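Accompanying notes for the structure given below.
The values are calculated or read from the model by the stated rules, or taken from the named source; none is laboratory data. Everything numeric here is computed off the predicted structure, so don't read it as measured data. Cβ placement follows ideal geometry from the backbone for every residue including glycine, while neighbour counts extend to all protein chains displayed.
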Amino acid sequence: MNKEKKKWSKKKKILTIFGSLFIVGVGSFLFLFYGPWDGFRNFWITSAMTTMNHRYLAEWFYSDKTINEVLKANSIIEVDEITDESKIKFRKYTTAIYKNEYEKEILVHDKDALYKLINVKGKGYQGFLVAIYDPSRIHVATTAYLGKRGEDILTVSKRENAIIAMNAGGFYDPDWNSNGALPHGTVIVDSKIVSRYDDARMGGGFIGFDKNDKLILGRMSDTEALNKGLRDAIEFGPYLIVNGKRSFVKGNGGWGIAPRTAIGQRQDGIVLFLVINGRLTTSIGADMVDLCDIMENYGAYNAANLDGGSSSELVINNKIINTPVAGGKNGLRDMSTFWVVK
């Protein structure tokens, strides 16, 4: 065989290999997106459509009919109630008997501890739960430039002298690259309305603490919220648990899998901050079922989903605890509202 034939034979083998890989790749792509197994299709569509900003990722590959069918099959039906604050009764424990391992994690802590950081993990996700033993120290903080621009969580944490800081509600983000200036819904700080803008239409309603330091969830007008005694609150959702009743989740809840943030309160008054890492090889993220499970396991009597995705952030003592995925400096993004413990 002469040199030319050998060269051609080698090229032919290389082309054959690359051609085979291309065919396998295309075949795998088509199988995932259009094959008989709907798991990936549901994940892709719900994750894209609930970002509000990256819906094109679903619309590129699927018809409106398919998208609507998937969203209908993956949805959450919230408990249509307002928190009964009489069921939240603060208490101190004198016994060492625990219902389960989760309650033991919450209740075993240093005598004078303000909080306890707990690692949580499940199938496909890893994150952090913070048990806060004095809810009177939880407040809403906002960017100092409401209506003009947001601020990153570290800046706010330092200004507020916060021991713990976590992202709160959503904000107007039409081009998925906004400056976080306008929080969705009504924001109440120290019993005063400091901001009012269009609802995010994410379900839920008010999420806030009243003057008795009880977490109140409920769909109310601004006037009703103030009359209810809310001192610090935002509006977002969906609600996960209300008055001990869990929302009904169909499929993955219609929210896909992503970084998540949630807040809850047990009947004994202990507050739960939850942040789940996502979009990482070590933690893909969580869906609404996961959030309900975690909050239920740790005894939440009332719990709600907060803004997630690239907004999910947790800071303790001015140190970033989770792995934010917004890009830029420290992976943080400028936002409007935050829960702070100080």
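Residues in segment 264-280 that are closer than 23 Å to Ala326 by Cβ and in a loop (DSSP other than H, G, I, E, B): how many?
The initial filter retains those residues of segment 264-280 that are closer than 23 Å to Ala326 by Cβ, namely 273-280.
With the extra rule that they be in a loop (DSSP other than H, G, I, E, B), the set shrinks to 277-280.
Total satisfying the criteria: 4.
Going by the conditions given, is Asp290 closer than 16 Å to Gly122 by Cα and either within 12 Å of the chain's Cα centre (by Cα) or buried (at least 24 other Cβ atoms within 10 Å of the Cβ) (or both)? Show your work before the answer.
On the way: closer than 16 Å to Gly122 by Cα: yes; either within 12 Å of the chain's Cα centre (by Cα) or buried (at least 24 other Cβ atoms within 10 Å of the Cβ) (or both): yes.
When the stated conditions are applied, Asp290 passes them.
Wholly within segment 281-342, which strands (runs of 3 or more DSSP E) include no fewer than the required count, namely at least 1 residues that are under 24 Å from Glu160 (Cβ atoms), modelled with pLDDT under 95 and out of contact with any Leu (no Cβ under 8 Å at 6 or more places or on another chain)? Show your work before the answer.
Numbers: elements: 300-305, 314-316, 337-341.
Answer list for segment 281-342: none.
Restricting to segment 113-145, count the residues that are surrounded by fewer than 18 Cβ atoms within 10 Å (Cβ to Cβ), closer than 30 Å to Tyr172 by Cα and aliphatic (A, V, I, L, M).
Residues meeting the conditions: 1.
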